[in-house]
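Just so it is clear, none of the values below were taken in a lab; they were calculated from the coordinates. Note that the structure is predicted; figures quoted are calculated from it, not measured. Using ideal geometry, Cβ is built from the backbone for each residue, glycine included, and neighbour counts are taken over all protein chains shown.
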Amino acid sequence: MKRTPWFERVFLPIEDNGMMPSIIERLSGTPARAEEITAKLAPPQLTHKLPDRWSVKEEIGHLGDLEPLWSGRLDDFTQGLSELRVADLTNQATHTANHNATEIRVLLKRFRERRRSLVAKLLQLSDAQLIHTALHPRLKKPMRAIDLAYFVAEHDDHHLASIREILATIN
């Protein structure tokens, strides 16, 4: 099955803020899903790379690398900014981090801790903050916090699916 490349994805606005608890639940569960996928993998499986792709460790490291961006974008909403902060679309942090040299348990723990912080921020949003919109810099579309939360959940799943693609080539 062919996946739509990330930068070709289209994100429609979510009209119902009442969906936020379910999206937060999904975001909360991503570290556990990452742990489940990687639990029984041997070191060579964790660092196996397909051409022009990241390894399992790099995929997990990337999820942790982006948590400060997501958290910062939530701050942009709470501060009432009109545009969300820009992401580094080259993913320089992931490319230079050498995640393959880091123990998987360390990468997973870092991701879990950072995600816990993001979820706590989401849970603290007021009704006024939930209705505020800000322009997403790449998509050039207005987003609300729920749209960002959904975007992050989809990003998580995109990378977990990438891990499964890697594993399918070595199992």
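A few remarks follow.
- Taking Cα atoms only, the orientation of helix 20-38 departs from the longest principal axis of the chain by about 10 degrees.
- Net charge dipole size for region 27-163 [Lys, Arg +1 and Asp, Glu -1 on Cβ; Debye, nearest 20]: 160 debye
- Taking other Cβ atoms within 10 Å as a rough exposure proxy, 111, 151 sort from fewest to most as 151, 111.
- P(r) tail fraction, region 19-170 - alpha-carbon pairs more than 24 Å apart, %: 34 percent
- When both region 41-73 and region 1-18 are represented by their alpha-carbon centers, they are found 21 Å apart.
- C-alpha long axis of helix 56-78 to longest principal axis of the chain, angle in °: 10 degrees
- Protection proxy ranking of 140-149, 40-49, by the mean of other Cβ atoms within 10 Å over each peptide's residues and highest first, is 140-149, 40-49.
- For region 122-171, diffusion coefficient by Stokes-Einstein and Kirkwood Rh (Cα), 20 °C, 1.002 mPa s, µm²/s: 166 µm²/s
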